[in-house]
1. Could you identify the single residue in I75, I66, I51, I62 that is surrounded by 11 or more Cβ atoms within 10 Å (Cβ to Cβ), under 21 Å from D20 (Cα atoms) and touching a Pro at 6+ places or on another chain (Cβ under 7 Å)?
2. Can you name every residue in the stretch 81-110 that is of a type in the set (V, I, T) and farther than 18 Å from I45 by Cα?
3. Report whether or not V40 is under 17 Å from Q90 (Cβ atoms) and in contact (Cβ under 8 Å) with a residue 24 or more places away in the chain.
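Throughout, read-outs are computed from the coordinates displayed, never taken from laboratory work. Everything numeric in this text was worked out from a predicted model, so none of it was measured. Cβ atoms come from the backbone with ideal geometry, glycine included; neighbour counts cover every protein chain shown.
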Amino acid sequence: MCVFCEIINGNIPSTKVYEDDKMLAFKDLNPVAPVHFLCVPKKHIENVNEITPDNSEYVAHIFSKIPEIAKSQGIESYRVINNCGADAGQTVMHLHFHVIGGTQLGEKLI
Ligand code: 5GP
Ligand code: ZN
């Protein structure tokens, strides 16, 4: 089972910032900014390449919740990042969206 499925199941501890029946948001272990949390679907979808009409409700749900979760963490300006595939820097093969903020972010993406 992948590390984020283990976190969802509670087998690996995490600092949760939001949870419901479809998603979990928790603080990144190695934050790159004062606010850095990850939003994951409670369904093992490997990455963006595996999003289909049948599972896209999870993705829509995550994005519908990001504003309020961000606000709960004290930010209304932030960057949402997804790495899809190893060459793009994806290290955990369970779809996740980084939400990063709490400081002036640089403009460079690569
Ligand atoms: P990726 O590089 O796949 O886009 O992002 C994976 C992220 O997951 C990294 O930022 C990494 O710090 C985070 N991460 C990996 N393992 C764990 C873990 O066990 N707990 C938490 N909270 N974050 C993790
Ligand atoms: Zn998983």
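1. Every option except I62 fails the conditions.
2. V99, I100, T103, I110
3. yes
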